[in-house]
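Colleague: I'd like to ask some things about the structure below.
None of the figures in this text is laboratory data; all of them are computed from the coordinates on show. None of the values given here were measured: they were computed from a predicted structure. So basically every Cβ, Gly included, is an ideal-geometry build from the backbone, and we count neighbours across all protein chains shown.
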Amino acid sequence: METEQAVNKAIKGDDEAFLQLIQTYKIDLYKTALSYLRNEEEALEAVQDVTYRTYKSIRKLKEPAFFKTWLIRIMINYCNDQLKKKKRLVLNDELLDVQVVSENYSEMELKDAMLGLDERSREILTLKYFNDLKITDIAHCMQCPEGTVKTWLNKALKSLRSKLEEKGGNLDV
Amino acid sequence: MFKNEEEKLGHYKNELDNIPVSLGSLDNAIMAGFHKAKSEQRKRTRKMRGIYSFVIAALLLIGLFSSIKISPAFASYISEIPGMEKIVKLIDDDKGRMAAVEKKYYQKQGVSDEKDGLKVTIDGTISDEKGIVLFYTLQSKEKIKEIQIDKVNLKAKDGTVLDEASISYGELHQSEKGEHSFSGEIEYFFEAPLTAKNYVINIEVKGKKFSLPFTLNDFKAKKEYTINKTMELEGQKIYVEKADIYPLRVAIHLKMNPNNTKQILNLEDLRLVDENNEVWGKISNGATGLGDKDTEQEIYLQSNYFTDPKELYLVLNSAQAVDKKDLIVIVDTDKLEIQKQPNGEMLQNIRFEEERGLVFELHSNKAFNFELFGDITDANGNKIEVHEQSMSSSDRKGLTELGIKLPPKNTYKNPISIELNYYPSWIKGHEKIRIK
């Protein structure tokens, strides 16, 4: 409830409320960025740009109750844009990482698999599992029925499975 | 069903959560993004306001006001001061500024800077806590047919940040046979009252840069009148909060009632009247209004600061207004069809022309010299950037042609929505409220 009040204030142009909100979710934003991007530096840049984008568009937020989902989605959009910009580069680096960082094998394996997913699947998984958001919230923010989100989620998990199997198979050889 | 995958996701989340975060860097990133957004917000409002001011200013040049009488005493005062005549010529459409000169509130500056045969002089200033009007002369050894100030930049010498609300300059000085000297005005208005006294104005003309320092005398303090009354024209309510009377202009603070069924687009008729029926109308050349038409705005009138009448009234008999539901004109540029416009169908005969782009004819009862169109969006709600708008009146009375240069058709989706900024339809009434 407190958050909702702050959101309402921020929509009306209250800068203090806006900054307080970003403070509340900064770790979620940063971690989401880290899961998509390559390093700390890029993630910080992402937080900066998303703060900027959020401030510019907060007046367009229709349902204050879903602020967090809305905010994380701005971050995911930003990350997707970044990935498109340097798609080739990222893929090459990821491959290198997989070979070099053997200790973090499981992490890299999953990150790599996530990278291979389509944008929507990745978004749903990020919202649901990394940011602990409810299906209801995600459905509201994506403006679609909960059933659809569930279907997407299932599909996302399924493709994740096949990506992991693919990766596992390759690496086992 | 996906237990294994969910576990892996959970595990990955934990790993992410355990990555140490430099909170300091994170906070710096947040503040950097926030400041960037803030600074753009300020720029944007300024730019918008600039356009709003400019548009009206250009249009009101078409003399709505009777000429100002000059008393014999004033005439002799003018003739005594060298160079005063050209100043008076610049302000003789503004009663308030004429009075300021007459009451010796005009301040002589006389600073010059010269480069490659071109000399720029700040002859003098009229200033108050919210604005500075600078009178300049451009002089050249050779005869010049066309000259214009390209850029101005005003700074306080002590580094105080100046919060400009509007800047007007750049009048194109032309002469067919060529002249050695041209005079004009640069007008600055500010959001916050001025505190500094010493300034430098940097002026760019024909690629040359001139720097001119000047000092302002003490300002005469504003006179404030609280009004808190409502004016009503055909059921549309305008709440008048207060009037601030400064030497350079009067600012009337208004709020439109949110329940109005019509959008009030312009108040060109708003004026101050004293007990002798002397009238102070809108500023005829310069910023005439600031703010948001939906909600709060300030309208600027010529100042009666130096007159001090016994009684003072704010009077309004008409206002440009359109039903709120009619504020958007919808046009299909493929079919060349106007799908929606206010009753009366004053917009007609749309077509594409190479020079002017999409051209509309506006058929009104009398000549209408306001730029009709504001923001344009396409069928997907994306804003369309317009390169240029043009307006031309034909010989036939009441026929105006309006051109909009749109980007190529494949960059937007039809039909497009055009917001009306002005429209030749008025609501009427007889409102007169006492201020003093």
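Colleague: Please report the Cα spread of the protein assembly as shown along all three principal axes, rounded to whole Å, starting with the longest.
Modeller: The Cα atoms of the protein assembly as shown stretch 104, 56, 51 Å along their principal axes.
Colleague: Would you mind pulling out the separation of the Cα centroids of segment B:1-22 and segment B:292-356, in Å?
Modeller: Result: 58 Å between the Cα centres.
Colleague: Run the dipole for segment A:1-88 about the Cα centre, Lys and Arg Cβ at +1, Asp and Glu Cβ at -1, nothing else charged, and hand back the magnitude in debye, nearest 20.
Modeller: That gives a dipole near 580 debye.
Colleague: What are the lysines whose alpha-carbon lies under 17 Å from the alpha-carbon of B:Lys409, with same-chain residues fewer than 8 places away excluded?
Modeller: List returned: B:Lys335, B:Lys383.
Colleague: Right, next: Taking N as the number of residues in segment B:267-403, what is its alpha-carbon radius of gyration divided by 2.2 N^0.38 Å?
Modeller: 1.33
Colleague: Quick one: P(r) of chain B from all Cα-Cα pairs, 20 Å bins, percents rounded to integers, in order of increasing distance.
Modeller: Percent of pairs per bin, in order: 21, 48, 25, 6, 1.
Colleague: Another question about this same structure. Starting from one equal scatterer on each C-alpha and no solvent at all, send me the Debye-based log10 I(q)/I(0) for segment B:122-231 at q = 0.18, 0.20, 0.21, 0.24 Å⁻¹, two decimals.
Modeller: For segment B:122-231, the Cα-only Debye profile gives -0.92, -1.06, -1.14, -1.39.
Colleague: Another question, then. Given R₀ = 60 Å, what would the calculated FRET efficiency be for B:Asp116 paired with B:Glu80, taking r from the Cβ atoms and rounding to 0.05? If you can, show how the numbers build up before the last one.
Modeller: Values: r = 34 Å, r/R0 = 0.57.
Computed FRET efficiency for B:Asp116 and B:Glu80: 0.95.
Colleague: Something else: Could you please report the charge total around B:Phe370, scoring K, R as +1 and D, E as -1 over all other residues with beta-carbon less than 15 angstrom from its beta-carbon?
Modeller: The answer is -2.
Colleague: Right, another one. Would you look at the GNM of chain B, springs on alpha carbons closer than 10 Å, and say which of B:Asp27, B:Asp128, B:Asp334 moves the most?
Modeller: B:Asp27
Colleague: A further question follows. What percent do you get for the relative contact order of segment B:305-436 when only Cα pairs under 8 Å and 6+ apart count?
Modeller: With pairs under 8 Å counted, the relative contact order is 37 percent.
Colleague: Sorted from largest down, give the three principal axis spans of the alpha carbons of segment B:228-294, whole angstrom values.
Modeller: The Cα atoms of segment B:228-294 stretch 35, 27, 19 Å along their principal axes.
Colleague: Follow-up question, since we're still on this one. Ranking request for peptides A:142-153, B:263-274: highest mean number of other beta-carbon atoms within 10 Å first, then the rest in descending order.
Modeller: B:263-274, A:142-153
Colleague: For segment B:166-228, place one equal point scatterer on every Cα, skip the solvent, and apply the Debye formula. What is log10 of I(q)/I(0) at q = 0.12, 0.21, 0.30 Å⁻¹?
Modeller: -0.52, -1.12, -1.44
Colleague: Further question on the same structure: Using the crude model of +1 on Lys and Arg Cβ and -1 on Asp and Glu Cβ, and no other charge, please compute the dipole size for the protein assembly as shown relative to its Cα centre, in debye to 20.
Modeller: 740
Colleague: Here's something else I'd like to know. Which whole number in µm²/s is D for segment A:22-84 by Stokes-Einstein, with the Kirkwood Rh taken over Cα pairs at 20 °C and 1.002 mPa s? Kindly include the intermediate steps, with their values, before the conclusion.
Modeller: Working: Rh = 11.6 Å.
The calculation lands on 184 µm²/s.
Colleague: Throw me the Rg/Rh for segment A:1-58, computed over C-alpha atoms with Kirkwood Rh, two decimals. Don't jump to the answer; show the numbers that get you there.
Modeller: Working: Rg = 12.2 Å, Rh = 11.9 Å.
Using Cα coordinates only, the ratio equals 1.03.
Colleague: Assign unit charges at the C-beta atoms only (+1 for Lys and Arg, -1 for Asp and Glu), then state the dipole size of segment B:109-219 relative to its Cα centre in Debye, rounded to the nearest 20.
Modeller: In debye, rounded to 20, segment B:109-219 gives about 500.
Colleague: Enter the mean projected area of the convex hull around the alpha-carbon atoms of segment B:258-302, in nm², rounded to one decimal.
Modeller: Values: hull surface 15.9 nm².
For segment B:258-302, averaging the hull's shadow over all directions gives 4.0 nm².
Colleague: So which residue, out of B:Pro20, B:Pro258, B:Pro407, gets the largest mean-square fluctuation from a GNM of chain B using Cα contacts under 10 Å as springs?
Modeller: Fluctuation is largest for B:Pro20.
Colleague: Which whole number gives the average, over all residues in B:10-23, of C-beta atoms from other chains lying within 10 Å of the residue C-beta?
Modeller: Taking the mean over all residues of the peptide, I get 5.
Colleague: What is the spin-label model distance, in nm, from A:Cys144 to A:Glu166 if the labels are put 7 Å beyond Cα along the C-beta direction?
Modeller: In this crude label model, A:Cys144 to A:Glu166 measures out at 2.1 nm.
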